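Since the structure comes first, as structure tokens, the remarks are kept for the end.
No lab work stands behind these numbers, since they all come straight from the coordinates. Owing to the predicted nature of the structure, the values given are computational and were not obtained by experimental measurement. Please note: Cβ atoms are built from the backbone with ideal geometry, for glycine as well, and neighbour counts cover all protein chains shown.
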């Protein structure tokens, strides 16, 4: 498992190196590959090559989740923009606690980051299995408390 | 064909710029610390995404596009992390969220 993981990290790093450098001569590509291997070797010595740093297992689930998240982001960014340009600034800031049903730390990070990424809600603190969220409007807070996003992140975690 | 692409990309980048300006106005208009952060998140989601999408159409199927996609991913992973740590630092230092009945004058002290 760990061996497969390390090889996959080497390939990801090498692909990243190729994309950023744009060098395709054999000598430089060999150097790039060697440096990717060296980085993973160091990372294994530091014991940081694991599912958390390189969450391969989320790959399939995330593909279904991201499009939905992007649509949500666009919708709430539009709502927040309308609030900003509204002459009366009709905001009703609320703090609320939402339950998270994810089991793994990676799933919890995905959920908390999705909350922050969506304009109008920010995850402020993680307390055991709850997230303290600051919402710009009460409507946005109710939307989040409905738990649609929580269910989708958990489903994406379970599908993998 | 390229004229159509040019027009679409100009429209996208202009829209992105408009959302960046709206976000900036929001940062100035909003009362209190956390509400200002909400306004800023419009900039790094919709504003940045639309500008990058417009630039992607300009650069076509090249290595530059791959770098733009990586840049977009970087923004999408780093900006919520930074926002969360900012909000978390404020929360643990005891910054109180702004309440509507506080009035606009006390908000700047938050």
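Relative to the longest principal axis of the Cα atoms of chain A, helix A:105-117 runs at roughly 50 degrees. Residues within the reach of a label modelled at residue A:38 (point 7 angstrom out along Cα to beta-carbon, backbone nitrogen below 18 Å), restricted to the stretch A:45-66, are A:45-46.
Shape class for the protein assembly as shown, computed from the alpha carbon gyration tensor (a ≥ b ≥ c): oblate, with a/c not under 1.5 and a/b at or below b/c. The mean number of partner chain beta-carbon atoms within 10 angstrom of a residue's beta-carbon across peptide A:87-94 is 4. Mind jotting down the distance between the C-alpha centroids of the stretch A:59-100 and the stretch B:35-101, whole Å? If we compute the Cα centre of each part, the gap is 13 Å.
Principal-axis analysis of the Cα atoms of chain B puts helix B:63-92 at an angle of about 0° to the longest axis. Per residue, the convex hull spanned by the Cα atoms of chain B measures out at 84 cubic angstrom. Comparing A:14, A:27, A:42 in a Gaussian network model of chain A, where Cα atoms under 10 Å apart are tied by springs, the biggest mean-square fluctuation is seen for A:27.
Relative contact order (percent) for the stretch A:5-160, with alpha-carbon contacts under 8 angstrom and 6 or more residues of separation? Spell out each step's value before the answer.
Numbers: 157 pairs, mean separation 37.7, N = 156.
Over the stretch A:5-160, the number comes to 24 percent.
With a/c under 1.5 counting as rounded, go ahead and sort the stretch A:58-159 into rounded, prolate or oblate using the C-alpha gyration tensor (a ≥ b ≥ c being the square roots of the eigenvalues; past the cut-off, prolate if a/b is larger than b/c, else oblate). Since a/c reaches 1.5 but b/c is at least a/b, the shape of the stretch A:58-159 is classed as oblate.
Taking the C-alpha atoms only, the angle from helix A:148-159 to the longest principal axis of chain A is near 20 degrees. Computed from label points 7 Å out along Cα-Cβ, the spacing between residue A:74 and residue A:60 is 2.8 nm. Here the label points at residue A:47 and residue A:82, each 7 Å from Cα along the C-beta direction, are separated by 5.3 nm in the simple model. Neighbouring Cβ atoms from other chains, within 10 Å of the Cβ of residues in A:117-128, number 6 on average.
Helix-only mean residue ellipticity at 222 nm, chain A, DSSP H runs n ≥ 4 weighted -39,500 (n - 2.57), per residue, nearest 500. What is it? Write out the running numbers ahead of the final one.
Numbers: 6 runs with 100 residues, N = 160.
-21000 deg cm²/dmol, from helical runs alone.
Shielding of B:31-44 by partners, i.e. mean partner chain Cβ atoms within 10 Å per residue? Mind dumping the intermediate values first?
Numbers: counts 3, 3, 1, 7, 7, 0, 6, 16, 8, 1, 12, 11, 2, 2.
Going residue by residue through B:31-44 and averaging, the value is 6.
Peptide packing for B:44-52, A:147-155, B:91-99 was compared via the average number of neighbouring C-beta atoms within 10 Å per residue; ordered from the highest value, the list is B:44-52, A:147-155, B:91-99.
Working from Cα pairs under 8 Å separated by at least six residues, relative contact order for chain B is 32 percent.
Cα centroid separation, the stretch B:1-22 to the stretch A:105-160: 31 Å. Dividing the summed helix terms, -39500 (n - 2.57) for each DSSP H run of n ≥ 4, by the number of residues in chain B produces a 222 nm estimate of -25000 deg cm²/dmol to the nearest 500. Under the rule a/c < 1.5 gives rounded, and otherwise a/b versus b/c splits prolate from oblate, where does the stretch A:1-134 land using the Cα gyration tensor? Prolate, because a/c is 1.5 or more and a/b exceeds b/c.
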